[in-house]
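Chemist: Before we start, here is the structure in question, set down as structure tokens.
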Amino acid sequence: MIEVHELTKDFGETRAVDAISFRVEPGEIVGFLGPNGAGKTTTMRVITCYLPPSSGSVEVDGLDVQEKSLEVRQKIGYLPESAPLYLDMNVVDYLRFIAEIRAIPPTQRRGALRNAVEVCGLGDVLQKNVGQLSSGYKQRVGLAQAILHDPEILILDEPTRGLDPNQIEEVRTVIRELGQHKTIIFSTHILQEVQAICQRVLIIREGKLVFDGSKEELSFGMTGKDRVYVEMRANGDAAEHVGRIENVQEVHVLSREDGVLRLRVEAPRGKDVREKIFATAVQQGWVLLELRRETRSLEDVFREYTTS
Amino acid sequence: MSNVMVIFKKEMRAYFTSPIAYFVLTIFLVFCGIFFSLPLFLNNQASMRGAFSVILYAFTLFVPAITMRLISEEKKTGTFELLVTMPVSDVQVILGKFLAAVSLLMVAVALTSTYAMTVAALGDVDGGEIFTGYLGLALLGAGYVAVGICASSFTENQIVAFLVSLAVILFLTFIDKLVSFLPIGGTNFFEYLGAEFHFRNIERGVIDTRDLVYYASLIFVGLYFSVRALHRRF
């Protein structure tokens, strides 16, 4: 559905996006992560035909964004960063203008407006000037504008920016609902958002794509290893014993005091070594106090990927 | 509805739902009214020539005022990004905005037809001269609007857009009058550059291709560079 191939974008001397490639399949919700200035917005702007690529190509539904720009734009609903709107129009006039410029046939216009207003919860503010709305409502008007023509693809640049926690939850719910029928790429700084909404994650750092996979894969971190934490009452050479267990790659001794040994055991992804550790402990007569698989928070993993 | 018309409609609404259009129109009419009526009885002629000059000079301020926000405001507030990612071409965006500003200008000019009626009530007027005078004003106004949009396309600062278009329009209005001060040759060239010079020809009733080509090229060049400016994105 969206195919980004070796996309590079330069602004003068600076390379904002550096040869990134990825594919998004129909119906996927993809979270686009990365520190500020990593190139998320630039990538989205190329997909939405706002910026031409310096090199490489982007295809939407098999249509090149440069050669078939107008067709591509018709397929995409776009919410730019900080939801820019005409502040001197009222909400319903604004949405009517978008409906006209999107060339929604007059017979379907009413239904499209009603649907967008309902999904985004704008019923109470239709006659208000956009300029008078709170930032939460502005964001929702921006979202309504993006979904008005019922596009197959939604590109949302930080859709929850500047919202309070309740509004964030509302927008997330809307995105989740929309995601049942549409392909969505959204960018964010908030990692819980990724957890809450999307199946797939892209992490970009200094213009390069450093991670592309499911959010489960992401939780394994950069090393891609399973980690097991072991706490037990055991004698001195227990760590070496554990190191000889099948599939165990590394054993870090975290602490050793009053005969209590704390270890972190690393194994290849998907290889659960807990049973073997337990069996060894029984065999050696160690007293297991704690044995658990370590899960790392997304924050930890994000930090791993985005700092050197 | 064609995309140009959608943009046109939106801009017309923006003009007339905010107080700006009424405010600028009022100032324009007061200004023209004063300088039309003051010398009217002194000259003792049933002619619109004086009025046309006044309107033409008023354009130098009026046109930058109504064109300065057209693109630069969109760039400043970020709505530009949404507008140009809609399924409309850059040419359609510029044309829609151009037609809206020209229409507002024509509304202003049409309101000055009361002067023509006044003059007609006072004496015998030359209908042909009034017709060609208004035709000339329309062409000249459209050319100035193209200049104004062009200035607005290159900056996100409305004040800069206003000052740049004011400077260019003043140059075009007065260059042919300054020619006599030039110690060098090329007077014909500078005269040809002057927008008012061509207006005088048309007003006299001489519809010469050279004058039409001048205005057509002014409009074309202005709009061409406006479209080019839309491609400059950061």
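Chemist: Restricting to the range A:1-22, what's the tally of residues that are of a type in the set (D, E, K, R) and in contact with a strand residue (DSSP E or B) (Cβ under 6 Å, 6 or more places away or on another chain)? Spell out how you get there, then give the answer.
Modeler: We begin by selecting, within the range A:1-22, every residue of a type in the set (D, E, K, R); these are A:3, A:6, A:9-10, A:13, A:15, A:18.
Restricting the remaining residues to those that are in contact with a strand residue (DSSP E or B) (Cβ under 6 Å, 6 or more places away or on another chain) gives A:3, A:6, A:9, A:18.
The total comes to 4.
Chemist: While we're on this one: Kindly check whether there is at least one residue in the range A:116-133 that is over 20 Å from B:K10 (Cα atoms) and either in contact with a His (Cβ under 8 Å, 6 or more places away or on another chain) or among the polar types (S, T, N, Q) (or both).
Modeler: Within the range A:116-133, the first condition is being over 20 Å from B:K10 (Cα atoms), and the residues that meet it are A:116-125, A:133.
From what is left, the residues that are either in contact with a His (Cβ under 8 Å, 6 or more places away or on another chain) or among the polar types (S, T, N, Q) (or both) are none.
Within the range A:116-133, none of the residues are over 20 Å from B:K10 (Cα atoms) and either in contact with a His (Cβ under 8 Å, 6 or more places away or on another chain) or among the polar types (S, T, N, Q) (or both).
Chemist: Mind checking which residues of the range A:279-301 are within 14 Å of A:V248 (Cβ to Cβ), free of Cβ contacts under 8 Å to residues at least 60 places away in the same chain and surrounded by 15 or more Cβ atoms within 10 Å (Cβ to Cβ)?
Modeler: Filtering the range A:279-301 for residues within 14 Å of A:V248 (Cβ to Cβ) gives A:279-281, A:291, A:293.
Pick out the ones that are also free of Cβ contacts under 8 Å to residues at least 60 places away in the same chain and you get A:279-281.
Answer for the range A:279-301, where residues must be within 14 Å of A:V248 (Cβ to Cβ), free of Cβ contacts under 8 Å to residues at least 60 places away in the same chain and surrounded by 15 or more Cβ atoms within 10 Å (Cβ to Cβ): A:T280, A:A281.
Chemist: Here is a list of conditions, (1) assigned to a helix (DSSP H, G or I); (2) more than 15 Å from A:P80 (Cα to Cα), and A:Q127 meets all of them except one; can you say which number that is?
Modeler: Every listed condition holds for A:Q127 apart from (1).
Chemist: Go through the range B:110-142 and report how many residues are in contact with an Asp or Glu (Cβ under 9 Å, 6 or more places away or on another chain) and polar (S, T, N, Q).
Modeler: Going through the range B:110-142 one residue at a time, the tally reaches 1.
Chemist: Are any residues in the range A:55-64 within 13 Å of chain B (Cβ to nearest Cβ) and touching a residue at least 40 places away in the same chain (Cβ under 8 Å), and if so, which ones?
Modeler: A:V60
Residues are listed down the side, and each one gets a yes or a no for (1) among the polar types (S, T, N, Q); (2) under 15 Å from the mean Cα position of the chain (by Cα); (3) under 22 Å from A:P35 (Cβ atoms):
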| position | (1), (2), (3) |
| --- | --- |
| A:H181 | no, no, no |
| A:T188 | yes, yes, yes |
| A:Q199 | yes, yes, no |
| A:D212 | no, yes, yes |
| A:A234 | no, no, no |
| A:G243 | no, no, no |
| A:L263 | no, no, no |
| A:K271 | no, no, no |
| A:I277 | no, no, no |
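Chemist: Among the residues of the range B:1-40, which ones are away from chain A (no Cβ under 14 Å), farther than 17 Å from B:S113 by Cα and in contact (Cβ under 8 Å) with a residue 12 or more places away in the chain?
Modeler: Selection gives B:V24 alone.
Chemist: Now a separate question. Of the residues A:P159, A:P151, only one is in a loop (DSSP other than H, G, I, E, B), within 23 Å of B:K10 (Cβ to Cβ), within 23 Å of the chain's Cα centre (by Cα) and in contact (Cβ under 8 Å) with a residue 40 or more places away in the chain; which?
Modeler: Values: A:P159 fails: within 23 Å of B:K10 (Cβ to Cβ).
Every option except A:P151 fails the conditions.
Chemist: Scan the range A:175-193 for residues that are out of contact with any helix residue (DSSP H, G or I) (no Cβ under 6 Å at 6 or more places or on another chain) and crowded, with 18+ Cβ neighbours inside 10 Å and report the count.
Modeler: 9
Rundown of residues vs (1) surrounded by 14 or more Cβ atoms within 10 Å (Cβ to Cβ); (2) β-branched (V, I, T); (3) under 30 Å from B:S72 (Cα atoms), yes/no style:
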residue: B:V147; (1), (2), (3): yes, yes, yes
residue: B:S152; (1), (2), (3): yes, no, yes
residue: B:Q158; (1), (2), (3): yes, no, yes
residue: B:L163; (1), (2), (3): yes, no, yes
residue: B:I169; (1), (2), (3): yes, yes, yes
residue: B:L178; (1), (2), (3): no, no, no
residue: B:E203; (1), (2), (3): yes, no, no
residue: B:R210; (1), (2), (3): no, no, no
residue: B:Y214; (1), (2), (3): yes, no, yes
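Chemist: Tell me which strands (runs of 3 or more DSSP E) are completely within the range A:204-308 and hold 3 or more residues being under 30 Å from A:F11 (Cβ atoms) and either at pLDDT below 90 or touching a Cys at 6+ places or on another chain (Cβ under 7 Å) (or both), or say none if there are none.
Modeler: On the way: elements: A:208-214, A:225-233, A:250-257, A:260-268, A:287-294.
It comes to A:208-214.
Chemist: May I ask you to verify whether B:A51 is more than 23 Å from B:I149 (Cβ to Cβ), among the aliphatic types (A, V, I, L, M), in contact (Cβ under 8 Å) with a residue 40 or more places away in the chain and away from every other protein chain (no Cβ under 12 Å)?
Modeler: Working: more than 23 Å from B:I149 (Cβ to Cβ): yes; among the aliphatic types (A, V, I, L, M): yes; in contact (Cβ under 8 Å) with a residue 40 or more places away in the chain: yes; away from every other protein chain (no Cβ under 12 Å): yes.
Considered against the rule, which asks whether it is more than 23 Å from B:I149 (Cβ to Cβ), among the aliphatic types (A, V, I, L, M), in contact (Cβ under 8 Å) with a residue 40 or more places away in the chain and away from every other protein chain (no Cβ under 12 Å), B:A51 comes out as yes.
Chemist: Here's a follow-up. Under 7 Å by Cβ, and 6 or more places apart or on different chains, what pairs join a residue from the range A:66-80 that is facing chain B (nearest Cβ under 10 Å) and assigned to a helix (DSSP H, G or I) with one that is among the β-branched types (V, I, T) and crowded, with 18+ Cβ neighbours inside 10 Å?
Modeler: Partner pairs satisfying both residue conditions: A:V72/A:V60; A:V72/A:V65; A:R73/B:T85; A:K75/A:V60; A:K75/A:I153.
Chemist: Taking the criterion of being in contact with a His (Cβ under 7 Å, 6 or more places away or on another chain) and surrounded by fewer than 22 Cβ atoms within 10 Å (Cβ to Cβ), would at least one residue in the range A:42-60 satisfy it?
Modeler: To start, the set of residues in the range A:42-60 that are in contact with a His (Cβ under 7 Å, 6 or more places away or on another chain) comprises A:56-57.
Checking the rest, the ones that are also surrounded by fewer than 22 Cβ atoms within 10 Å (Cβ to Cβ) come to A:56-57.
Within the range A:42-60, one or more residues are in contact with a His (Cβ under 7 Å, 6 or more places away or on another chain) and surrounded by fewer than 22 Cβ atoms within 10 Å (Cβ to Cβ).
Chemist: Something else now. Looking at the range A:112-119, can you tell me whether even one residue there is assigned to a helix (DSSP H, G or I) and within 11 Å of chain B (Cβ to nearest Cβ)?
Modeler: We begin by selecting, within the range A:112-119, every residue assigned to a helix (DSSP H, G or I); these are A:112-119.
Filter once more, so that each one left must be within 11 Å of chain B (Cβ to nearest Cβ): none.
So far as the range A:112-119 goes, no, none of its residues is assigned to a helix (DSSP H, G or I) and within 11 Å of chain B (Cβ to nearest Cβ).
The values are calculated or read from the model by the stated rules, or taken from the named source; none is laboratory data. All values reported here derive from a predicted model rather than from experimental measurement. In this analysis, Cβ positions are derived from the backbone assuming ideal geometry, glycine residues included, and neighbour counts consider all displayed protein chains.
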